[in-house]
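Chemist: One structure follows; several queries about it will come next.
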Amino acid sequence: MKRKEALFKDIFDKNNRKVYHLCYGYTGDSEAANDLMQETFIKVWQNLDRFRNQSQISTWIYRIAVNTCLSFLRVEKRKATDEINDRIIETKAEETSDKQEQVNQLYKCIAQLEENERIIITMVLDEIPYQEIAEISGISEGNLRVKIHRIKSKLTEIYNRHERF
């Protein structure tokens, strides 16, 4: 049991920030992202004995996080509309530095992307290797590169629209 606890602590320490960023990319809400990150690591703990080393552990954890976020979003879609979510994001804005404000703006723009686009761009921002992102996404690396290019263009367009207002 001590060995499992030590292994889990190591896994958590190496992956919690990336999982949090992924969850934040989905929700645009730091509290929800933190809850989803915790839920992801509860599932990791519960299923750690079942991990078969067929992929990197970070890939396995990302899949759990993506599924956790998608489940959360399905429930949230039943609860609220996009307009309400936008108001929540805006009211959560705090007085922050310019850099933090830009990061917040970026995540607001990311929140407007489609679910699969949010997953991919969040992993790119976390500097996950393209090969691993392709494996998590279930697409070829070549297709992934095309998708990333399109997502970046779409994100730039969304960001520029925000800057005009």
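Chemist: Based on what the data block shows, is residue 62 modelled with pLDDT under 90, part of a helix (DSSP H, G or I), on the phi < 0 side of the Ramachandran plot and open to solvent by less than 20 Å² (accessible area, probe 1.4 Å)?
Modeler: yes
Chemist: Which of the residues that make up the stretch 125-134 are crowded, with 18+ Cβ neighbours inside 10 Å and either over 15 Å from the mean Cα position of the chain (by Cα) or assigned to a helix (DSSP H, G or I) (or both)?
Modeler: 133, 134 - these are the residues of the stretch 125-134 that are crowded, with 18+ Cβ neighbours inside 10 Å and either over 15 Å from the mean Cα position of the chain (by Cα) or assigned to a helix (DSSP H, G or I) (or both).
Chemist: Of the residues in the stretch 1-52, how many are surrounded by fewer than 19 Cβ atoms within 10 Å (Cβ to Cβ) and either of a type in the set (Ser, Thr, Tyr) or more than 12 Å from the chain's Cα centre (by Cα) (or both)?
Modeler: 28
Chemist: Restricting the search to the stretch 1-17, which residues are within 14 Å of residue 57 (Cβ to Cβ), basic (Lys, Arg) and at pLDDT 90 or above?
Modeler: Within the stretch 1-17, 9, 14 qualify.
Chemist: Out of 106, 144, which single residue is at pLDDT below 85 and open to solvent by less than 70 Å² (accessible area, probe 1.4 Å)?
Modeler: The conditions single out 106.
Chemist: Please tell me if residue 67 is within 20 Å of residue 135 (Cα to Cα), without any contact (Cβ under 8 Å) to a residue 60 or more places away in the chain and open to solvent by 70 Å² or more (accessible area, probe 1.4 Å).
Modeler: yes
The values are calculated or read from the model by the stated rules, or taken from the named source; none is laboratory data. Only a predicted model underlies this, so the values are computations on that prediction, with no experimental measurement involved. Every residue, glycine as well, gets a Cβ built from its backbone with ideal geometry; the counts of neighbours run over all protein chains shown. Only protein heavy atoms, including side chains, enter the accessible area calculation; ligands, DNA and RNA are left aside. Shrake-Rupley method; radii C 1.70, N 1.55, O 1.52, S 1.80 Å.
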